[in-house]
Every structure is written in C-alpha cells, then in structure tokens.
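**Q** Got a structure for you, questions after.
The values are calculated or read from the model by the stated rules, or taken from the named source; none is laboratory data. All of these numbers come straight from a predicted model, not from anything done at the bench. All Cβ positions, even for glycine, are placed from backbone atoms using ideal geometry, and neighbour counts span all protein chains on display.
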Amino acid sequence: MSRQYWVIGGEYQCVEFQEVVPGTERVFGPYRSYEEADKKWRERASASRSSATTRYSIVSSAPNPARQQAWA
C-alpha cells in the first residue's frame, strides 16, 4: 500500500486557524500522488482567496508497517 494524500480545510472562526466553522469542513481525496492533491489544493485555494479565514492543507498517510508485515 502506498502513501495517500487528502486536501482538508474549511472556513475558520478567525485568522488563528484553530477552530473550523461547523458545517464548512471539507475533505477531498484520497489521491494517489502529491501532484493530484496539489492540483485540488490549488483549485480550492484559488476559489477561496477572497476569504482570509478559509484555509486548505494537504495531508498524507503512510502505510502501516504492522499491517504490511501481517500480509507478508
């Protein structure tokens, strides 16, 4: 299993980006490559550029070594 990527974010309560406004949370993915996730991130960032309290990030997950050993 390879690394997967997601684009996550939404509108936050303030520019300290600590608490998301309920109902605005968004998760896109998983994507198989960083490039695919980056394309979606750029799309979302461009669409929300006029909102100072909206932020999106790319996050990734690595394969779980314990699960890989179980299948070996």
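**Q** For the condition charged (D, E, K, R) and outside any helix (DSSP H, G or I), what is the one hit in Glu35, Glu16, Glu43? I'd like the intermediate steps shown before the answer.
**A** On the way: Glu35 fails: outside any helix (DSSP H, G or I); Glu43 fails: outside any helix (DSSP H, G or I).
Going through Glu35, Glu16, Glu43 in turn, the sole match is Glu16.
**Q** How about segment 25-54: which of its residues are over 12 Å from the mean Cα position of the chain (by Cα) and surrounded by 14 or more Cβ atoms within 10 Å (Cβ to Cβ)?
**A** Residues satisfying the conditions are Ser48, Thr53, Thr54.
**Q** Follow-up question, since we're still on this one. If you check every pair at least six apart or on different chains, which have Cβ atoms under 9 Å apart with a residue in segment 45-57 that is within 11 Å of Gly9 (Cβ to Cβ) first and a residue that is among the basic types (Lys, Arg) and outside any helix (DSSP H, G or I) second?
**A** Listed by first residue and then by second, the contacts come to Ala45/Arg55; Ser48/Arg55; Tyr56/Arg26.
**Q** What do you reckon, is Gly10 at pLDDT 95 or above and in a strand (DSSP E or B)?
**A** Against the criterion (at pLDDT 95 or above and in a strand (DSSP E or B)), Gly10 qualifies.
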